[in-house]
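The values are calculated or read from the model by the stated rules, or taken from the named source; none is laboratory data. From a predicted model like this one, the values you see are computed outputs, not experimental measurements. Cβ placement follows ideal geometry from the backbone for every residue including glycine, while neighbour counts extend to all protein chains displayed. Keep in mind that these areas ignore ligands, DNA and RNA; they rest on the heavy atoms of the full protein, side chains included. Shrake-Rupley method; radii C 1.70, N 1.55, O 1.52, S 1.80 Å.
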Amino acid sequence: PTVKATPLLKTTTTITGQKLEYPGKNPQVTATMVEIPPGVDVGWHEHPNIRYVYVIDGTLSIELENGTRREFPAGTIFVEAIGTRHHGMNAGSTPTKVLFIDHSEEGQSNMVKTEPPGPHREGQDDHH
């Protein structure tokens with residue numbers, strides 16, 4: 001038998017095109033397996049540093065603060081946007097299992113809860 005190596009990701013940027021930068025002083029890496037039940041939203045947040053995302057089961061939906069929404073099916077691996085407000089959800093009918101690998105300064109979280117963004121521009125004219 002031979003070893004099979006399948007490249008999953010090689011990138012210099014996040015999903016929004018930001019150049020990758022690593023924490024400067026005391027880098028820390030944290031790997032977390034998360035299971036999101038069907039219909040659950042993780043809430044608005046942002047990442048000050050790099051977060052790798054590997055969707056193992058189900059589909060992860062991410063909506064950015066500009067209203068852009070993307071679906072990431074099982075087998076997808078990517079680098080999340082840095083310092084950009086967004087929320088993730090499981091819009092499917094089966095659990096979504098995701099591996100997150102975070103870079104941060106030692107002792108700090110790479111997930112910062114935020115307020116939801118204001119109303120989308122296209123929705124403001126509905127009242128006239």
Report task. Would you mind calculating the relative contact order of the chain from Cα pairs under 8 angstrom and at least 6 residues apart, reporting the percent as a whole number? Result -> 35
Query raised in the report: Which of the peptides 61-73, 77-89, 28-40, 4-16 is most tightly packed, and how do the rest follow, going by the mean number of other Cβ atoms within 10 Å of each residue?
Result: 77-89, 61-73, 28-40, 4-16
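All other residues with a Cβ under 12 Å from the Cβ of Lys25 taken together, and with Lys, Arg as +1 and Asp, Glu as -1, what is their net charge?
-2
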Requested in this report: Subtracting the Cα-Cα distance from 0.36 nm times the residue separation, let me have the gained length for Gln108 to Arg69 in nm, one decimal.
Outcome: 11.3 nm
Query raised in the report: Based solely on its DSSP helices, what 222 nm [θ] is calculated for the chain when runs of n ≥ 4 H residues each add -39,500 (n - 2.57) and the sum is averaged over all residues, nearest 500 deg cm²/dmol?
Result: -500 deg cm²/dmol
Query - Residue-normalised accessible area of the chain, given per residue in Å² at a 1.4 Å probe - result: 63
Report summary line: Excluding ligands, DNA and RNA, the carbon-plus-sulfur percentage of the accessible area of the chain with a 1.4 Å probe reads 53
Report summary line: To the nearest 20 debye, the chain has a Cα-centred charge dipole, built from +1 on Lys and Arg Cβ and -1 on Asp and Glu Cβ, of 540
